[in-house]
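Derivation of every value follows stated rules applied to the coordinates shown; laboratory data play no part. Since the model is a prediction, treat every value here as computed from it, not as a measurement. Backbone-built Cβ (ideal geometry, glycine too); neighbour counts: all protein chains shown.
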Amino acid sequence: MSDVYILGVEMIKFGRFPEKTVPQLGAQAALMALDDAGLTIGDMEALYCGNLYQASAMVGQRILHEIGQTGIPVVNCANACATGATAFREAWMAIKAGAYDLTLAVGVEQMGKGLIGGGGARGKGIPTEGLLGSGTMPTVFAEAGMEHARKYGTTFEQFAKVSVKNHHHSTMNPKAMYQIETPLEMVMNAEMISYPNTKLMCSVNVDGSAAAVLCSEKKARELGMKRAVRVKASALTSDPFTDRDLVMPDVNTCTRRAAAKAYEMAGVSAKDVDLVELHDCFATAEILHYENLGLCGEGEAGRAIDEGWTAIGGKIPVNVSGGLLSKGHPLGATGIANIYEVSTHLRGEAGKRQVPGARIGLTHVIGLGSACAIHVLEKVA
Amino acid sequence: MAEQAAASGPLPIVPFLKIPSEGSPYLEGQRCRACGAVFLGERATCSKCGGRGTLEPAPLSGRGTLYVYSIVHRSFPGVEVPYVSCVVDLEGGGTVKGNLIGIDADPAKIAMGMPVETVFKVAPRKDAEGNEYLTYYFQPRS
């Protein structure tokens, strides 16, 4: 079966844009990706749009109202924090199935500030937040991190080092929300939100959009493959039953299953991967995914962060974009933004943060509920 | 250990907290006869094995061990912080989330794996109609 290629991929600089509408933000990235591919909306045969907070508001069609109402099929996707990656995967699958030669995937989100998650009164009764534990995202991921601490003795300091690293990376990424160094003492002494996650260990709520133009092999040969990126694998899983999943979302099992599928489909192993953009919604989460994605051995994640394996220049750089922690996490855009990041490295266009000689990269997102999406991308030329 | 709920007493904070007219409150799970999976709250189908009509009520133990926790310092308006959010594995099956009380909210004092027990108290919140609710907490057990 022939491969699918990314011909154009772009993201806007993440930030706060309350004056813009969601479709306007999505339209910006869509036009940038079309320009990057040297194509127009008139060339696109279908649009897959990812947005979470306006999932019932026909965001994809409204993006076309901004950039060109060509009458093509539009599918709107919502899949928690895997929303953008799911839209990308649908665009990929439509080409894989032979239905189209050129599709557009757009991910966009406009976020409020503050805590996400937490138990409210569902219709009747009283809110359970703070009585039956906490359902806020910082707590859920703190507890997931404490499971790693329980098994392997991972420390608060090791979790904090993830944030130091990712904030450092984002100083080299002009599209990140923040470009500031956050030394270890600063991360550890920041306001404690949910131990062991301090405020600087929580991803930033930002507005953002990202888009990709996907293309069949036949069409790519016709249009030119010089900057094309090959999609070697796309995997999506939901959460299988695990014993504590009812009260403690298991982000590990669905990631491990998606990783196994993706590596098999791509015909590569974790050792072949030159860079990874993974779902560091909280510093604790990144540690778990080193092992879930096979970037290090079981129980080795603490050592990996201590010894700089995952820092730029290390043996497997992770989140050189700054990650969700510093680049920002506009839920529906995140999955395509990390595809943009990896593609930019494979194209050799990542400037100061370029991972030298990158040939294969992996992107990972996880949405609670749960959905895990992994893509493996490969340099072509 | 459990406060007795009066006949016209507080309502359960969640459906799986049972308040019998006689005896002590307890948490009730649903156990799948086919695969042994334990759920909280009533359901028709087992999501582990897909069994239909295989679930039956199973009272959960009031004793367990602390699996993991987090100390919550930032929450929503009106929620008193800091507090300890925890996940507890109950003896004989079932995992429940709740607040851990009777211990300092200090990582140096809290040991994952420590024995805990459930305790039932009237919640410090009422609903819009002024109804009281019975809730459960976990506390260290010796």
query = What number of residues within the range B:29-47 are buried (at least 18 other Cβ atoms within 10 Å of the Cβ) and of a type outside the set (V, I, T)?
reply = 8
ask   = Going by the structure shown, is A:N166 in a helix (DSSP H, G or I), of a type in the set (S, T, N, Q) and either more than 9 Å from chain B (Cβ to nearest Cβ) or free of Cβ contacts under 8 Å to residues at least 24 places away in the same chain (or both)?
value = yes
Unmet criterion (only one of (1) β-branched (V, I, T); (2) within 14 Å of chain B (Cβ to nearest Cβ); (3) surrounded by fewer than 24 Cβ atoms within 10 Å (Cβ to Cβ)) for A:T139 = (3)
inquiry  = Need pairs with beta-carbon distance below 7 Å; first residue in contact (Cβ under 8 Å) with a residue 60 or more places away in the chain and within the range A:330-347, second of a type in the set (S, T, N, Q) and surrounded by fewer than 24 Cβ atoms within 10 Å (Cβ to Cβ); sequence gap 6+ or separate chains.
reply    = A:H345/A:Q354
ask   = When residues of the range A:6-65 are filtered for being in a helix (DSSP H, G or I) and of a type in the set (G, A, S), how many remain?
value = 8
Verdict on B:R63 being closer than 22 Å to B:I19 by Cβ, among the basic types (K, R) and touching a Pro at 6+ places or on another chain (Cβ under 9 Å) = yes
request  = Could you please find all residues in the range A:253-275 being surrounded by fewer than 20 Cβ atoms within 10 Å (Cβ to Cβ) and either in a helix (DSSP H, G or I) or within 14 Å of another protein chain (Cβ to nearest Cβ) (or both)?
outcome  = A:T253, A:R256, A:R257, A:A260, A:K261, A:E264, A:M265, A:A270, A:K271, A:D272
request  = Scan the range B:34-50 residue by residue and report those that are without any contact (Cβ under 8 Å) to a residue 40 or more places away in the chain and under 13 Å from A:R244 (Cβ atoms).
outcome  = B:A37, B:F39, B:K48
query = Quick one: B:S61 ticks every box in (1) within 11 Å of chain A (Cβ to nearest Cβ); (2) within 27 Å of B:G113 (Cβ to Cβ); (3) free of Cβ contacts under 8 Å to residues at least 40 places away in the same chain; (4) part of a loop (DSSP other than H, G, I, E, B) bar one, so which box is it?
reply = (1)
task = Sort out which residues of the range B:7-50 are over 23 Å from B:N99 (Cβ atoms), polar (S, T, N, Q) and away from chain A (no Cβ under 13 Å), and write them in order of number.
result = B:S8, B:S21
query = Taking the range B:44-58 only, how many residues are of a type in the set (A, V, I, L, M, F, W, C) and outside any strand (DSSP E or B)?
reply = 3
task = Could you tell me which residue of the range B:79-110 is surrounded by the most Cβ atoms within 10 Å (Cβ to Cβ), considering only residues that are facing chain A (nearest Cβ under 8 Å) and among the small types (G, A, S)?
result = B:S85
message = Give me the residue from the range A:198-209 that is hydroxyl-bearing (S, T, Y) and either surrounded by fewer than 21 Cβ atoms within 10 Å (Cβ to Cβ) or under 14 Å from A:S163 (Cα atoms) (or both) and, out of that set, nearest to the other protein chains (Cβ to nearest Cβ).
response = A:T198
key: Breaking point among (1) assigned to a loop (DSSP other than H, G, I, E, B); (2) away from chain A (no Cβ under 11 Å), for B:V116   = (1)
ask   = Hey, among the residues in the range A:142-161 that are among the polar types (S, T, N, Q) and buried (at least 17 other Cβ atoms within 10 Å of the Cβ), which one's farthest from the other protein chains (Cβ to nearest Cβ)?
value = A:Q158
remark   = When the range A:172-197 is checked residue by residue, the ones that are within 14 Å of another protein chain (Cβ to nearest Cβ) and either in a loop (DSSP other than H, G, I, E, B) or surrounded by 24 or more Cβ atoms within 10 Å (Cβ to Cβ) (or both) are A:A190, A:E191, A:I193, A:S194, A:Y195, A:P196, A:N197
key: Qualifying positions in the range B:68-78 - more than 7 Å from chain A (Cβ to nearest Cβ) and either at positive phi or part of a strand (DSSP E or B) (or both)   = B:G78
